[in-house]
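Colleague: Sharing a structure here in structure tokens format.
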Amino acid sequence: MDTQDGAIENRTFEEIAIGETASLSRLLTERDVELFAVLSGNVNPAHVDPEFARSDMFHKIVANGMWGGALISTVLGTQLPGPGTIYLDQSLHFRAPVMLGDTITVSVTARAKDAERHRITFACRCVNQDGVVVIEGEALVIAPDKKIKRPRIVLPEVRLEERGAKFHKLIELAGSLDPVRMAVVHPVEATTLKGALAAARAHLITPLLIGPEARIRAAADAAQLDLSACRIIAAPHSHAAAERAVDLVRSGEAEALMKGALHTDEFMQPIVKRAGGLRTERRMSHVFIMDIPSYDRPLYITDAALNIAPDLAAKKDIVQNAIDLAHALDLARPKVAVLSAVESVLPHIPSTIEAAALCGMAHRKQITGGLVDGPLAFDNAVSPEAARMKGIDSQVAGAADILVVPDLEAGNMIAKQLVYMADAQAAGVVVGARVPIVLTSRAGSVENRLASCAVTARVHAYHQEKGRP
């Protein structure tokens, strides 16, 4: 039982009288069901499949697995008899389904005592908010013979986070669009091929594989991949493959690019050429779209792969590119945090001065479509509590969608720390060119490439809708 000082105290065998009772009430939520599945390892569709879960069978299984044992055990172990109780046996009957949203009241009543073995049989009963009996039966315990009083332990908060959940939704939405004709440059290793084929199966792209045909087929054979549905365009080496891909975009045969097994500099060289490349009036920049389980929205980081030490003019384009990308992914007014080490504008920290200038540009409509604030440190850009503690009054602080980093080194470190220490997944695209370009880390997974293709499909559809090349 609970005491006035918040501790829990038991009732000994001698203290408990026949007819004595204890109870608790609990609301059954979807989170409870998910926790049960995670802790038990039970992935029966009755627990985790929303379609199956609508059946009465689901509700009966929930009653059996979760409430029939766990809640009764909770009452016996914390209230009556309480700490020191040893649970020996139970026999329960399930009379009615338990529905999500039901409030279940669990009661245990001492029915019989065995003085020789210190055992007590308890009648157990669970009713819902309408008074309907859903579970009844009995439990047998060994009751403690000594008084025990302990502080009530505050259980840690458990957060259920599905890795890649935001990307799954993105891929599903993009799959309803027409697939993009994507030139995959020098795909002579398994990960690039697997990513391209997975994106094709998801109806995101139609891959055009460009490179040495013998090496492409050898990589596919080694990984047991079927390329029969793919068009292979022969090129003698990686540099020639990159140039051929640019030619395909310029001729209209390809609508997007993907980097394969070649260095970024080699891949980008024909793309950024002033004559014959894929330049626009905008500076090209790279955006990581991060799916971080602990963050409530996708987080965009730019530029962490292309522009090494951009000046203010380049950062203006970097910000605008990221805002436009967010629009293509249905974020109407993204919140842009321009990062530095501190939140104040300090003459001896150039990134703070540039952050203030970018905010001024946004105020004067030189940057449009988003809310821009800075300088902000990483903590108060993504944490409402950090922003509150530092007294920052901002619509962006604590809720950033886009992080604009001071330089490539800072951005690359942030992105990779999130991947390797926060279980994040990262899609990567280059924007500001004539077509979207998938540019992921060479260590990136198939899932990263699949999500990047989904982003590309959305960007391509958005540009077509807006009448852009």
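Colleague: With respect to R95, determine if the residue is without any contact (Cβ under 8 Å) to a residue 60 or more places away in the chain, of a type outside the set (V, I, T) and assigned by TED's automatic domain parsing to the domain that holds R31.
Modeller: yes
Colleague: So which strands (runs of 3 or more DSSP E) stay within segment 114-175 end to end and still have 3 or more residues that are at pLDDT below 90 and not aliphatic (A, V, I, L, M)? Let's see the steps before the verdict.
Modeller: Working: elements: 119-127, 133-142, 149-151.
In segment 114-175, 149-151 are the strands (runs of 3 or more DSSP E) which contain 3 or more residues that are at pLDDT below 90 and not aliphatic (A, V, I, L, M).
Colleague: How about segment 335-350: which of its residues are small (G, A, S) and either without any contact (Cβ under 8 Å) to a residue 40 or more places away in the chain or not in a loop (DSSP other than H, G, I, E, B) (or both)?
Modeller: Of everything in segment 335-350, those that are small (G, A, S) and either without any contact (Cβ under 8 Å) to a residue 40 or more places away in the chain or not in a loop (DSSP other than H, G, I, E, B) (or both) turn out to be A337, A341, S344.
Colleague: Please go through (1) farther than 22 Å from Q464 by Cα; (2) assigned to a strand (DSSP E or B); (3) of a type in the set (V, I, T) for I289 and return the number of the only condition it doesn't satisfy.
Modeller: (1)
Colleague: Against the conditions (1) surrounded by fewer than 16 Cβ atoms within 10 Å (Cβ to Cβ); (2) under 21 Å from A322 (Cα atoms); (3) not acidic (D, E), where does R283 fall short? Just the number, please.
Modeller: The single condition R283 does not satisfy is (1).
Colleague: Now for a separate question. Here are some residues: P293, P298, P270. Which one is farther than 12 Å from V404 by Cα, outside the structural domain of V396 (by TED's automatic domain parsing), touching a residue at least 24 places away in the same chain (Cβ under 8 Å) and not aromatic (F, W, Y)?
Modeller: That would be P270, the only listed residue that is farther than 12 Å from V404 by Cα, outside the structural domain of V396 (by TED's automatic domain parsing), touching a residue at least 24 places away in the same chain (Cβ under 8 Å) and not aromatic (F, W, Y).
Colleague: Show the residue pairs meeting these rules: Cβ distance below 6 Å; 6+ apart or different chains; first residue within segment 175-186 and on the phi > 0 side of the Ramachandran plot and in contact (Cβ under 8 Å) with a residue 60 or more places away in the chain; second residue of a type in the set (G, A, S) and part of a loop (DSSP other than H, G, I, E, B).
Modeller: Partner pairs satisfying both residue conditions: H186/G260; H186/A261.
Colleague: Test A199 against the stated conditions and say whether it is surrounded by 15 or more Cβ atoms within 10 Å (Cβ to Cβ), aliphatic (A, V, I, L, M) and under 20 Å from R449 (Cα atoms).
Modeller: Yes; evaluated as a whole, the condition is true for this residue.
Colleague: A further question on this structure: Going by the conditions given, is A400 among the hydrophobic types (A, V, I, L, M, F, W, C) and surrounded by fewer than 24 Cβ atoms within 10 Å (Cβ to Cβ)?
Modeller: It is false that A400 is among the hydrophobic types (A, V, I, L, M, F, W, C) and surrounded by fewer than 24 Cβ atoms within 10 Å (Cβ to Cβ).
Colleague: Also: V75 - would you say it is crowded, with 18+ Cβ neighbours inside 10 Å, assigned by TED's automatic domain parsing to the domain that holds R11, part of a helix (DSSP H, G or I) and modelled with pLDDT under 90? Before the answer, list the steps.
Modeller: Details: crowded, with 18+ Cβ neighbours inside 10 Å: yes; assigned by TED's automatic domain parsing to the domain that holds R11: yes; part of a helix (DSSP H, G or I): yes; modelled with pLDDT under 90: no.
No; evaluated as a whole, the condition is false for this residue.
Colleague: What do you reckon, is V108 of a type in the set (V, I, T), part of a strand (DSSP E or B) and either surrounded by 14 or more Cβ atoms within 10 Å (Cβ to Cβ) or at pLDDT below 80 (or both)? Before the answer, list the steps.
Modeller: Details: of a type in the set (V, I, T): yes; part of a strand (DSSP E or B): yes; either surrounded by 14 or more Cβ atoms within 10 Å (Cβ to Cβ) or at pLDDT below 80 (or both): yes.
Yes; evaluated as a whole, the condition is true for this residue.
This table checks each residue for (1) closer than 30 Å to H168 by Cβ; (2) aromatic (F, W, Y); (3) modelled with pLDDT of 95 or more.
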| residue | (1), (2), (3) |
| --- | --- |
| P347 | no, no, no |
| A400 | yes, no, yes |
| V405 | yes, no, yes |
| V419 | yes, no, no |
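Colleague: Additional query: Which of the following residues is surrounded by fewer than 20 Cβ atoms within 10 Å (Cβ to Cβ) and either over 22 Å from the mean Cα position of the chain (by Cα) or acidic (D, E) (or both): A410, A362, A387? Let's see the steps before the verdict.
Modeller: Details: A362 fails: surrounded by fewer than 20 Cβ atoms within 10 Å (Cβ to Cβ); A387 fails: surrounded by fewer than 20 Cβ atoms within 10 Å (Cβ to Cβ).
Only one candidate passes the filter, namely A410.
Colleague: A further question on this structure: Only one of these is under 20 Å from L329 (Cβ atoms) and part of a loop (DSSP other than H, G, I, E, B): R458, R449, R434, R442. Name it. Outline the logic, then answer.
Modeller: Numbers: R458 fails: part of a loop (DSSP other than H, G, I, E, B); R449 fails: part of a loop (DSSP other than H, G, I, E, B); R442 fails: under 20 Å from L329 (Cβ atoms).
After applying the criteria, what remains is R434.
The values are calculated or read from the model by the stated rules, or taken from the named source; none is laboratory data. Computed from a predicted model, the values in this text were never measured in an experiment. Please note: Cβ atoms are built from the backbone with ideal geometry, for glycine as well, and neighbour counts cover all protein chains shown.
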